[in-house]
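**Q** Before anything else, here's the structure in question.
The values are calculated or read from the model by the stated rules, or taken from the named source; none is laboratory data. Quick caveat: nothing in here was measured; it's all calculated off a predicted structure. Reconstructed Cβ throughout: ideal geometry from the backbone, glycine too, with neighbour counts over all protein chains shown. To get the accessible areas, we keep the full protein, side chains included, count just its heavy atoms, and leave off ligands, DNA and RNA. Shrake-Rupley method; radii C 1.70, N 1.55, O 1.52, S 1.80 Å.
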Amino acid sequence: MSANSTFKVLFPQYGVEVKVEEGTTILEAARRAGIGIRSVCGGKGLCGKCKVLVISGNINHRVKDEALLKEDEIRRGYALACMANVLSDVEVIVPPESFIGKAKLLSHVTLPKQVPLEPSIVLKYTDNVSKAREYILNFHVSGDVVRKIRASLSSGGSLVIDLHTNKIIDFLPETKGAEGLYGIALDIGTTKIVAALVDVMSGKIVGVESEFNKQLIYGEDVVSRISKAIEGSESLKEVQRAAVDTVNELIQRLCKRFSINSQNIYEIAAAGNTAMTFLFVGENPYPLIKSFREPVKIDPKPYLLDARDLGVNVNANASIYVLPCSGRFLGGDVIGDIITAGINFSEEPSLLIDIGTNAEVVIGCKHWFIGTTAPAGPAFEGWGLRHGVRAVTGAIESITIDTATLKAMYTTIGDAKPIGICGSGYIDLVAQLFTSGAIDIFGKFYRDLKSQYIREDVDGYEYIIAPASETGIERDIIVTEKDIYNIIDSKSSVCAAISILLKKMYLSVFDVKNVYICGAFGRYLNISSAIAIGMIPEFPNAKMVYIGNGSLGGAYLSLVSKTYRFEAERVSKLIAPIELMLDPNFMDEYEAGFKLPGRRELFPSWWEKARSIKPWSPR
């Protein structure tokens, strides 16, 4: 057979067919077809999240870890898309748990009550040649704008000026009012990108859209994406293009939804973690992963780019302001969290936790900040968990357990049939199993419990959350002891980060006055459950505040207010970044979390109560 043979890969549920070369993986075929299949490990055959059902055709399929596919799944035709090479025309079904479904909109953010409206974009009306010439001499202006001014100045009009870049970026003939000037605030997340359309003159948020970051096809963790970006000279552009394409899709949606011309979008402000920032602006990310044995110095300066250079579909003369990063793991998203929460104006010490793919933790006040990142995300995003999924339609997002029967009651995103469990659901689940007496302080099921919902399988003990008859995957949705261990592993990392920062500043849980919960995952987190399993310590004197999407909030504030843009840059220079994995006390703090809930001093009242929990018995 010729090495140049091509075959068809059909995805019948989407009515999509794509031609690929012999040997192409099904995952790559799906990418080319525009179909999102989960790939936590970046297509390396390590995570098992890209399961597909091959219903016809020949493939060359190899599995690196036999635990990722059961024998009965292989007999039924299941394969890992990243490990299945096409050898003929094939027909493929993508099961619900493998599909990157519709993103849950993560737009909620609690903004400061009083925001000084000081946008960079201003209008200056003129119908006078001398006045227009004066503006042209005092500001940078492109040739196309000069021609536009000359053609229409006799009828009068308004110059659109960007004070931050000192540029005249457009001329609006016969326009005096300030209507129709827009900007975009962007949260460039590892998992999702959120865009807010903003009337920059009034500060009003017109609308918000959210979508999965198209970079997911290169891996769900930042290391996989960085590895892809440094493969060759064009690879970085390819990964950057994926993020830009997502942004353009969101802008197109917003413009269509509100009948707005994208040429009237004159500025963009964006925030993201350090890796996402590098990949969005096109900076070589290799220094971020060169060595994890030494700290990385990051210049805490913002990026200022031209939209046309990035290929963003807004006014060609628009600029893009990207919030500064402070460390390898402390990006502009954290800076956005801080200024949205207002910690930068407070005299009292506050704690901020941004829980997303990773967990960023900052303690500080107006005069000082110390921050770090805990590698918590993979489990909270579903990696290493039997039925772990992202926060998509059908994901179980909250769970309570009937203490009389141990039966689970749950809610799903979109009220759809359950396809798996997302991060907030797992936190609830482990907390409920612990407080009901189904598992002990080490996360192990009590062996002598007589419950129809706990059983022993070949891989150990497991708990049934939803029987096959209720699910959208036609299989029981369960949690295993291994799953519980992985959740405890992740939560211990978060708690260790908080404990280390408290100790470095000689603070106790009684000294913190405010706790701000931010981020995609944090928005839906049940704080009581997080404290119950020891993910977040008890803070008896603190007010708990949900900020929501602080990264989007920071981008918005930087878009509409010079004061907040200045604050973002000031805060980025103040933060002392701590690299958790290099801290000599990390392992001790981390290991303490494996005995629920954790160190006694972090849980002044709950630790004692937790020790009094008895093994469950039927009521």
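**Q** Any of Lys214/Lys290; Lys513/Lys614; Lys44/Lys70; Lys192/Lys301 with alpha carbons more than 22 Å apart? Name them for me.
**A** Cα-Cα > 22 Å for Lys214/Lys290; Lys513/Lys614; Lys192/Lys301; rest within.
**Q** Further, regarding this structure: Rounded to the nearest 10 Å², what accessible area does Leu250 have for a 1.4 Å probe in the complete protein model?
**A** 0
**Q** Still on this structure, I have one more. Rank Ser436, Asn549, Pro615 by how far each Cα sits towards the positive end of the charge dipole of the chain (+1 on Lys, Arg Cβ; -1 on Asp, Glu Cβ) and give me just the farthest.
**A** Looking along the dipole axis, the top candidate is Asn549.
**Q** Summing -39500 (n - 2.57) over the DSSP H runs of n ≥ 4 in the chain and dividing by its residue number, what mean residue ellipticity at 222 nm do you reach, to the nearest 500 deg cm²/dmol?
**A** -8500 deg cm²/dmol
**Q** Run through the DSSP bridge list for the chain and note the antiparallel percent, rounded to the nearest 5.
**A** Among the beta bridges of the chain, antiparallel pairing accounts for roughly 70 percent.
**Q** Please give the solvent-accessible surface of His164 in Å², to the nearest 10, using a probe radius of 1.4 Å with every protein chain present.
**A** Its accessible surface works out to 80 Å², give or take rounding.
**Q** For the chain, give me every cysteine whose Cβ has no other Cys Cβ within less than 4.7 Å, ordered by residue number.
**A** For the chain, the answer is Cys50, Cys82, Cys255, Cys325, Cys365, Cys422, Cys495, Cys518, because their Cβ atoms have no other cysteine Cβ under 4.7 Å.
**Q** Run down the lysines and flag those whose C-alpha is under 22 Å from the C-alpha of Lys148, throwing out any fewer than 8 positions away in its chain.
**A** Filter leaves Lys124, Lys131, Lys167, Lys176.
**Q** Where only protein heavy atoms count, and the probe is 1.4 Å, what is the accessible area per residue for segment 516-564 in Å²?
**A** Accessible surface, normalised per residue, equals 27 Å².
**Q** Out of segment 262-320, which trypsin sites (Lys or Arg not before Pro) are coil in DSSP terms and have no more than 13 other C-beta atoms within 10 Å?
**A** In loop regions of segment 262-320 (DSSP not H, G, I, E or B), the sparsely surrounded trypsin sites (Lys or Arg not before Pro) are Lys290, Arg293, Lys297.
**Q** Please give me, ordered by residue number, the trypsin sites (Lys or Arg not before Pro) of segment 131-231 that lie in loop per DSSP and have at most 15 other Cβ atoms within 10 Å.
**A** On the way: sites: Lys131, Arg133, Arg147, Lys148, Arg150, Lys167, Lys176, Lys192, Lys204, Lys214, Arg225, Lys228; in loops: Lys176.
Loop-located and lightly packed - Lys176.
**Q** Express in nm, to one decimal, how much length is gained between Arg619 and Asp402 on full extension, taking 0.36 nm for each residue of separation and deducting their alpha carbon distance. Mind showing how you got there, number by number?
**A** Details: separation 217, 0.36 × 217 = 78.12 nm, distance 1.02 nm.
That pair, Arg619 and Asp402, stretches by 77.1 nm at full extension.
**Q** For segment 515-619, with all protein chains present and a 1.4 Å probe, just round the carbon and sulfur fraction of the accessible area to a whole percent.
**A** Carbon with sulfur: 54 percent of the solvent-accessible area.
**Q** I've got another one for you. Using alpha carbons only, how many degrees (0 to 90, rounded to 10) separate the axis of helix 550-560 from the longest principal axis of the chain?
**A** 10
**Q** Taking Cα atoms, how many degrees apart are the long axis of helix 143-152 and the longest axis of the chain, rounded to 10 and kept between 0 and 90?
**A** 60
**Q** Shifting gears a bit: Between 0 and 90 degrees, rounded to the nearest ten: what's the tilt of helix 481-504 against the longest Cα principal axis of the chain?
**A** Taking the Cα atoms of the chain, the angle to 481-504 is about 50 degrees.
**Q** Size of the dipole of the chain about the Cα centre, Lys and Arg at +1 and Asp and Glu at -1 on the beta carbon, nothing else charged, in debye to 20?
**A** Approximately 660 debye in magnitude.
**Q** Ranked highest first by the average count of other Cβ atoms within 10 Å around their residues, in what order do 460-471, 548-559, 66-77 fall?
**A** Taking the mean over residues of other Cβ atoms within 10 Å, the ranking is 548-559, 460-471, 66-77.
**Q** Could you pull the accessible area for Trp368 with a 1.4 Å probe, rounded to 10 Å²?
**A** Around 80 Å² of this residue is reachable by solvent.
**Q** Over segment 335-385, with the other protein chains present, what is the accessible area per residue in square angstrom, probe 1.4 angstrom?
**A** Here the residues of segment 335-385 average 23 Å² of exposed surface.
**Q** Whole Å is fine, so just give me how far the alpha carbon centre of segment 456-471 lies from that of segment 1-61.
**A** 30
**Q** To the nearest 20 Debye, how big is the dipole of segment 178-240 about its Cα centre, given +1 on the beta carbon of each Lys and Arg and -1 on that of each Asp and Glu?
**A** 60
**Q** Also, I was wondering about something else. Can you tell me the length gained on complete extension of the stretch His367 to Arg600, counting 0.36 nm per residue apart and subtracting the Cα distance?
**A** Difference between extended and current length: 80.9 nm.
**Q** Can I ask one more? Once phi is turned into θ = phi - 60°, what whole-Hz ³J(HN,Hα) does the Karplus curve with 6.51, -1.76 and 1.60 give for every residue of segment 153-163, x standing for Gly and Pro?
**A** Per-residue couplings from phi come out as 5, 4, 8, x, x, 10, 7, 9, 10, 9, 5 Hz.
**Q** Among bridges DSSP assigns within segment 10-126, what percent are antiparallel (round to 5)? Write down the numbers at each step before the final one.
**A** Numbers: 13 of 14 bridges.
That works out to approximately 95 percent antiparallel.
**Q** Moving on. Just how far, in whole angstrom, is segment 342-374 from segment 539-595 if you go by their alpha carbon centroids?
**A** 3
**Q** Here is a follow-up. Identify, among Gly414, Asn58, Val109, the residue whose Cα sits farthest towards the positive end of the charge dipole of the chain, taking +1 on the Cβ of Lys and Arg and -1 on the Cβ of Asp and Glu, with the dipole about the Cα centre.
**A** So the residue we want is Val109.
**Q** Go through segment 275-288 residue by residue and turn each phi into a ³J(HN,Hα) via Karplus (6.51, -1.76, 1.60, θ = phi - 60°); whole Hz please, and just put x for glycine and proline.
**A** 5, 5, 5, 4, 5, 6, 7, x, 8, 4, x, 3, x, 6
**Q** Once you compute Rg and the Kirkwood Rh from C-alpha atoms, what is the Rg to Rh ratio for the chain?
**A** Rg divided by Rh gives 1.01.
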